[in-house]
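Below is one structure, written out as structure tokens; the observations come after it.
The values are calculated or read from the model by the stated rules, or taken from the named source; none is laboratory data. Keep in mind the model is a prediction, meaning the values are calculated, not measured. Neighbour counts run over all protein chains shown; Cβ positions are idealised from the backbone, glycine included. Surface areas here come from the heavy atoms of the whole protein model, side chains and all, with no ligands, DNA or RNA. Shrake-Rupley method; radii C 1.70, N 1.55, O 1.52, S 1.80 Å.
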Amino acid sequence: MNTTIIYNKRPLQVAIIGAGLGGLCLVQGLKKNGIAFQIFEKDSAANSRTQGYRIRIDKTGQDALAACLSERLYTLFSETVVPSVRVRTLNAQLELLTDKWVDSWEDGEANAQPDLKANRLTMREILLLGLNKQVHFNKKFVSYEKQPDGRVCVHFEDGTSFAADVLVAADGVNSRLGAQRFPAQELVDTGSVCVYGKTFYTEQAKKQVDPVLQTDTSVIFENEIAMIADAMQFKSTFVKAGEQYGPDAGLTYTEDYMYWALIGNRGRFGLDNEQVLTFASGELFDCLKQVTSTWAPTLKALFESANPESLTIVPVKTSLPKDAWKSDHITALGDSIHAMSPAGGLGANTALYDAALLTACFTKVAAGDIELLDAIAQYEEKMREYSCNAINASQQGGKKLYKQSAD
């Protein structure tokens, strides 16, 4: 017999599809403001799927997290990240460049609030704290239907259902809910790909990888391809957080590592436009060897010493909300409505900003200051405006990094 989650009537009940960073930031904001919610994730567990390793949180993202998280959780987040102290720009021979930059980057040496480098899994575990009763895994969204009383009933593959006053799509770039609710918002493959991985600080890596790549942030520009390398040396801060919060924090310990990612057009990687991006780690290593054959040996050592299981290749996709739509009880945040290139590092931070803005709107509804549909309409109007600006900035960042067209 199928078990159906029972809806308990509350002044405002929010259902969120997708337990990524944006969705979890939203529910922490709802929890902080006493608003009822449930969040549903198709994965079997928080760590069941690799979704990148290092994530940079800029001022926009930091402010959004501070607004949504409790003081305790934000302090814990702050204790498990590494400030981006320095960003250096280099060519593939590791020679310093002085004429390369992307406007959305922040250099800690020149900025009072530098970007923060977080381990993605650690950040997600922090955002999950205190949500055991409200987070449901193995819940694959199938469809939704609007009910006569204005609520929305969402149906899952396992036969269960849940009804809420408002439904939020937060299930990422290939959002099934987003596709149903906003069918006109086309997702576009830019023709570019991103290959990323991580290299642990083994004795071999520390000897063979150039010392300049083992600290701070390095951005490599070379022949229509760009690479970023970030030193993720957070062991001391991670231990400090563990000592302060103890085992109840539930954080998975992570060894220090060097994160790296290459981005460029498919042709630069020797790939056809229609080629399916399914490769064994050995095939990806061969691809990297071909692309970086003329690069400095101490730079290539970063890939040669990499953890084979960490290698991943993904297409770079983008979408752009265009014409305004009529708001109703289903809305969206993050990549589910405005996917963008990782070139400018704005995607996750824009999703966090979505979460903070949506939290503020729902808080006004719960206080009786505004009607629900009016609040959603206000959120969507602002979201369309700033996400459009962020997508444009990401496209310009791609043009500067590896000559991707910004048209």
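Some points to look at:
- When the residues of region 351-396 are filtered to those that are outside any helix (DSSP H, G or I) and of a type in the set (A, V, I, L, M, F, W, C), the one that is surrounded by the most Cβ atoms within 10 Å (Cβ to Cβ) is 370.
- So residue 24, is it touching a Lys or Arg at 6+ places or on another chain (Cβ under 8 Å), in a helix (DSSP H, G or I) and modelled with pLDDT of 95 or more: yes
- Given (1) in contact with a Ser or Thr (Cβ under 8 Å, 6 or more places away or on another chain); (2) of a type outside the set (Ser, Thr, Tyr); (3) at pLDDT below 95; (4) more than 29 Å from residue 75 (Cα to Cα), number of the condition residue 121 does not satisfy: (4)
- Residues of region 315-326 include none that is out of contact with any Ser or Thr (no Cβ under 9 Å at 6 or more places or on another chain), under 30 Å from residue 212 (Cα atoms) and either surrounded by 13 or more Cβ atoms within 10 Å (Cβ to Cβ) or not basic (Lys, Arg) (or both).
- Of the residues 301, 348, 306, 375, the single one that is among the small types (Gly, Ala, Ser), under 26 Å from the mean Cα position of the chain (by Cα) and modelled with pLDDT of 95 or more is 375.
- Cβ separations smaller than 7 Å between residues 6+ apart or across chains give the following pairs from region 333-352 residues that are in contact (Cβ under 8 Å) with a residue 40 or more places away in the chain to residues that are charged (D, E, K, R) and assigned to a helix (DSSP H, G or I): 333/354; 334/354; 347/335; 351/335.
- Sole residue being part of a strand (DSSP E or B), within 30 Å of residue 225 (Cβ to Cβ), open to solvent by 20 Å² or more (accessible area, probe 1.4 Å) and hydrophobic (A, V, I, L, M, F, W, C), chosen from 195, 188, 173: 188
- Taken as a whole, the condition of being in contact (Cβ under 8 Å) with a residue 40 or more places away in the chain and acidic (Asp, Glu) does not apply to residue 371.
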